[in-house]
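The values are calculated or read from the model by the stated rules, or taken from the named source; none is laboratory data. Everything quoted here is computed from the prediction, not taken from an experiment. When we count neighbours, we look across all protein chains shown, and the Cβ atoms used for this are built from the backbone with ideal geometry, even at glycine.
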Amino acid sequence: MRRIPRFIAPMTWADVWAAWRDARPDPEQEFARRFGEFIGAPRVLPAPSGRFALEALLRGFAFPPGSEVIAPALTFHSVPAVIQSLGLRPVFVDIDLATFCLAVDQLAAAITPRTVAIIPTHLYGRACAMTPIMQLARQRGLAVIEDCAQSCGGFYEGRRLGGLGDAAFFSFGPTKNLSALGAGLLATKSPEVAERADRWLRDLPSLSTSAVSKRTFVALAMRAATNRWLWSALMSPLLRLTANRPTDLIETFTAERPTGDSGAAGRRLPRPWQWRIGLRQLARLDESNERRMGHGDRLLELLRDTPGVDLPAAAPKGENIYLSFPLRVRDRATFRRRLLAEGVDSAAGYMSVCPHLPGFEASRIEAPAAARAVREMVHLPVYPELSEADLVAVAQAVQRAAGAGES
């Protein structure tokens with residue numbers, strides 16, 4: 001039986017060796033320049049993480065206190081936490097269950113005279129419908145800040161994500177399709193926003209050498225743990241033994257739980273080493289994304305009309321890079337245990353129904369689609385290292401797990 005991990009961490013020993021030998025004097029500026037050219041953004045600034053790239057942008061826009069910023073109900077909890085920490089009010093809009101992105105048909109009703117910005121999240125690699133969002137924003141005089149933390153390298157109508165709105169932020173965590181050991185980046189078209197954001201970022205301290213070494217070790221350990229041999233011999237049996245636990249073993253150690261704050265302790269600028277790693281991964285990003293897209297489209301084909309399984313809607317070419325492949329089932333816990341018994345690991349995901357979290361009571365909406373997505377979602381393996389035989393095995397495991405659920 002094939003044992004297929006839920007993910008394979010993208011950073012390799014070859015990346016570390018290349019970064020060690022890289023003698024370029026200023027890899028940070030080199031990465032910023034190349035990335036700006038890559039997404040078509042004139043001003044790009046490195047940041048401690050995606051979270052603090054968003055904070056730098058909001059500080060750069062200098063919105064008046066009490067202003068409202070619209071975000072999707074299904075997103076990473078730090079997005080509304082950062083908005084609120086700066087004296088702004090998050091306003092939530094439910095999602096479209098077919099794409100897991102912000103429901104554009106509900107957007108206009110959320111805009112008030114106090115609204116200043118919209119943050120569409122390109123979730124799980126899927127591009128939001130940016131044309132109607134931008135049209136509405138221009139009509140109402142609102143800024144658009146793209147959340148590209150899960151969509152690096154993707155497109156919308158032939159243009160790179162991150163270059164469509166007024167600004168964007170990116171996250172390069174250890175399991176993203178481009179990893180720079182947790183660093184982040186912001187992009188903007190406005191020189192004034194860039195100047196104010198840069199002024200704030202310049203005052204932040206840098207990560208210590210020991211912290212960067214620890215991140216490197218953790219990233220390599222994640223890569224080793226998802227090696228097929230080690231996974232089959234150790235991780236897969238361990239996960240099966242703990243399959244009946246109420247919490248997922250891997251997510252217990254890797255997922256960041258909502259805390260109600262904006263994580264200020266993490267404000268440490270990346271070191272040159274991280275950008276050396278990032279440069280090597282940027283060079284192969286389009287190739288790895290092409291494989292992800294091919295794998296995602298193949299899974300859609302293999303799983304079409306599978307009873308008991310709701311698939312995401314197909315996207316035009318390039319508009320879903322499949323950072324993950326989320327489907328929905330009614331009894332997620334049972335379905336995941338059956339998948340694991342078939343040799344396929346999966347994930348429940350770590351996004352939150354943010355208006356239902358403590359601390360956001362003033363912004364609460366029901367968000368039934370987001371709540372249903374969080375309750376029913378299962379993320380299948382879709383990373384570049386999968387083979388055709390792996391994809392067939394994943395699809396067959398899903399069909400058997402779903403069929404068992406019908407009996």
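Every residue, every condition in (1) outside any helix (DSSP H, G or I); (2) over 21 Å from Ser206 (Cα atoms), yes or no:
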position	(1), (2)
Met11	yes, yes
Phe38	no, yes
Val44	yes, no
Ala71	yes, yes
Val79	no, yes
Val91	yes, yes
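Scan the range 312-325 and tell me whether some residue there is in a helix (DSSP H, G or I) and closer than 22 Å to Ile95 by Cβ.
No, there is no match, as no residue in the range 312-325 is in a helix (DSSP H, G or I) and closer than 22 Å to Ile95 by Cβ.
If you take the residues of the range 335-354 that are within 12 Å of Val378 (Cα to Cα) and among the charged types (D, E, K, R), which of them is surrounded by the fewest Cβ atoms within 10 Å (Cβ to Cβ)?
Arg337
Since Leu285 meets every condition but one in (1) surrounded by fewer than 21 Cβ atoms within 10 Å (Cβ to Cβ); (2) at pLDDT 95 or above; (3) more than 17 Å from the chain's Cα centre (by Cα), which condition does it not meet?
Just one mismatch for Leu285, condition (3).
Of (1) free of Cβ contacts under 8 Å to residues at least 60 places away in the same chain; (2) under 23 Å from Tyr156 (Cα atoms); (3) out of contact with any helix residue (DSSP H, G or I) (no Cβ under 8 Å at 6 or more places or on another chain), Ala314 satisfies all except one. Which?
(3)
Can you report the number of residues in the range 350-369 which are under 19 Å from the mean Cα position of the chain (by Cα) and of a type in the set (Phe, Trp, Tyr)?
Matching residues across the range 350-369 total 1.
If we keep just the residues of the range 101-116 that are part of a helix (DSSP H, G or I) and among the aliphatic types (A, V, I, L, M), which is nearest to Cys148 (Cα to Cα)?
Val104
Restricting the range 1-23 to residues that are among the charged types (D, E, K, R), modelled with pLDDT of 90 or more and out of contact with any Ser or Thr (no Cβ under 8 Å at 6 or more places or on another chain), which is nearest to Ser324 (Cα to Cα)?
Looking at the filtered set, the residue picked out is Asp15.
Got at least one residue in the range 130-139 being under 26 Å from Gln84 (Cβ atoms), modelled with pLDDT of 95 or more and in a loop (DSSP other than H, G, I, E, B)?
no
Looking at the range 370-407 only, could you name the residues that are hydrophobic (A, V, I, L, M, F, W, C), surrounded by 14 or more Cβ atoms within 10 Å (Cβ to Cβ) and more than 19 Å from the chain's Cα centre (by Cα)?
Scanning the range 370-407 gives Leu386, Leu391, Val392, Ala393, Val394, Ala395, Ala397, Val398, Ala401, Ala402, Ala404.
Name every residue in the range 165-202 that is over 14 Å from Ala47 (Cβ atoms), more than 14 Å from the chain's Cα centre (by Cα) and surrounded by 24 or more Cβ atoms within 10 Å (Cβ to Cβ), in order of residue number.
Listed by number, the list holds a single entry, Gly165.
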